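The structure appears below as structure tokens.
Nothing in this text is a laboratory measurement; each read-out follows from the coordinates by a stated rule. It should be emphasised that the depicted structure is a prediction, and the values quoted were computed from it without experimental measurement. Cβ: placed from backbone, ideal geometry, glycine included. Neighbour counts: every protein chain shown.
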Amino acid sequence: MTLSADLFFSFRSPYSYLAIGRYRAITQSHDVDINLRVVWPIAIRDPDLLFTGNPAAPRYILMDSYRCAQHLGISFRWPRPDPVVQDLSTREIAAEQPLIRRICRLGQAATRAGKGLEFAYEVSTIIFDGQTDDWDKGDHLAKAAERAGLDLAKLDAEVASDADALDVEIATNQDALEAAGHWGVPTLVVDGEPFFGQDRVEMAIWRMEQKGLAKR
């Protein structure tokens, strides 16, 4: 029996990046479908939750991201450019956010096409792995989409023609994440049970094994 789970994911979250490859790998080796559900980064949907509290929080996240990546053996660097336009010294979020809105809508369109997990893996890799400067320019995104089995031009056309509906779907994903009992990403939800964080991947797999997860 094929198991199913929802993965709530942000294209600005370093922890989402550190988790996505392991979740993608489990779908390739085991009989499970993981449905990608894109949410806006917390800097967009609720900046007060993170950026107006203790000033140590952003510094800790950056330090911990590097540490986790080293521990996991995953290449990592803070994105160039950052998908979210933000002054990191003042933590002020810009009103206009062309990069993250495009990427999130593209990710939701990829989910519509049944390739959300693959798209998120390929795109988050060029954003975070430190091998690509100006990931938003040239053919970097087109090649990432192609590796995911998608056509970037078609995705961009869908984003241009159906942005409002895609935004509604992203908002619905956020509501579903909160209904499952969490607010952060990455969160995998298995039969209503949330597993938050890149350090819960193995525990989520353990739970799925209890539910009959089998190798392909």
Could I have the simple spin-label model distance between T172 and K211, label points 7 Å from Cα toward Cβ, reported in nm to one decimal?
2.0
Can you give the extra length, in nm with one decimal, that the chain gains between H182 and A165 once fully stretched, where that is 0.36 nm per residue apart less the Cα-Cα distance?
3.7 nm
With a sphere of radius 13 Å drawn around the Cβ of E202, what net charge do the other residues whose Cβ falls strictly inside it have (Lys, Arg +1; Asp, Glu -1)?
+1
Rounded to the nearest 0.05, what FRET efficiency do R91 and D31 give with R0 = 30 Å and r taken as the Cβ-Cβ distance? Could you check?
0.10
Dipole magnitude of the chain, debye to nearest 20 (Cβ charges: Lys/Arg +1, Asp/Glu -1, about Cα centre)
600
Under 5 Å between amide H atoms, partner at least 5 residues away or on a different chain: which partners does D6 have, H built in plane at 1.01 Å?
N35, V189
What is the stretch 144-216 by shape, rounded, prolate or oblate, if you read a ≥ b ≥ c off the alpha carbon gyration tensor as root eigenvalues and call it rounded for a/c under 1.5, prolate for a/b larger than b/c, and oblate otherwise?
oblate
Of the candidates A95, G197, G114, the farthest towards the positive dipole end of the chain (Lys/Arg Cβ +1, Asp/Glu Cβ -1, centred on the Cα centre) is G197
Residue by residue, what Karplus-based ³J(HN,Hα) values in Hz, rounded to whole numbers, does the stretch 149-160 have, using 6.51, -1.76 and 1.60 with θ = phi - 60° and x for Gly and Pro?
x, 10, 10, 4, 4, 5, 5, 5, 5, 5, 4, 5
Show me the ranking of peptides 110-121, 153-164 by mean Cβ neighbours inside 10 Å, starting with the highest.
110-121, 153-164
Using a/c under 1.5 as the rounded threshold, could you call the stretch 82-198 rounded, prolate or oblate? The axes a ≥ b ≥ c are square roots of the C-alpha gyration tensor eigenvalues, and prolate needs a/b larger than b/c, oblate otherwise.
rounded
At R0 = 35 Å the Cβ-Cβ FRET efficiency linking E202 and R77, nearest 0.05, sits at 0.90
Can you work out the Karplus-derived ³J(HN,Hα) for every residue in the stretch 179-190? Use 6.51 cos²θ - 1.76 cosθ + 1.60 with θ = phi - 60°, whole Hz, and x for glycine or proline.
5, 7, x, 8, 9, x, 9, x, 10, 9, 10, 10
What shape does the stretch 3-210 have by the C-alpha gyration tensor, where a ≥ b ≥ c are the square roots of the eigenvalues, rounded means a/c under 1.5, and otherwise prolate means a/b greater than b/c and oblate the rest?
rounded
